[in-house]
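> So that we are looking at the same thing, I have put the structure below in structure tokens.
Read-outs: derived from the displayed coordinates by stated rules, not from any lab. What you see is a predicted model; the values in this text were computed from it and never measured. In this analysis, Cβ positions are derived from the backbone assuming ideal geometry, glycine residues included, and neighbour counts consider all displayed protein chains.
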Amino acid sequence: MAAKKEAKKKGRQAGVNKSAAIREYMASNPDAKPKDVVAGLKEQGLEVAVGLVNQVRSKRSGGAGSGGGRGRGRGKSGDLFSADDVFRVQKLASELGGVGKLQSIVDLLARMG
């Protein structure tokens, strides 16, 4: 058990925030590639992994919260329905005898072209 704690401590350097060091290095070297950042910090006596550099870079550039992340798009504004549209279709479905009948009519219209 003591060996595991020593191994964890060995990987860390006391009082050094590697992510902050990566951000500082990238601020002064904005065109540096991840391997360049690793090499530059190693010259300063700080060993970091390429994966950590990539993680810090992605968070700095905005990450998923910036809208650059993948997710389901909303489509074009013409594809959206207003609440009024939905209520009008609901009323039409009731007048025609239910949603099933309305769906049959819509299917027929789609086949017609």
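> Treat the count of other C-beta atoms within 10 Å as a stand-in for reagent exposure and order VAL99, VAL48 from fewest to most. Mind dumping the intermediate values first?
On the way: VAL99 13, VAL48 20.
By the 10 Å Cβ count, ascending: VAL99, VAL48.
> Mind checking the full-extension length gain between LEU96 and LYS59? Use 0.36 nm per residue of separation minus the Cα-Cα distance, one decimal, nm.
Extra length from LEU96 to LYS59 when fully extended: 8.0 nm.
> Apply the Karplus parameterisation 6.51 cos²θ - 1.76 cosθ + 1.60, with θ equal to phi minus 60°, to every residue of segment 99-108 and state each ³J(HN,Hα) to the nearest whole Hz, in sequence, with x for glycine and proline.
Whole-Hz 3J(HN,Hα) from phi for segment 99-108: 5, x, 5, 4, 5, 4, 5, 5, 4, 4.
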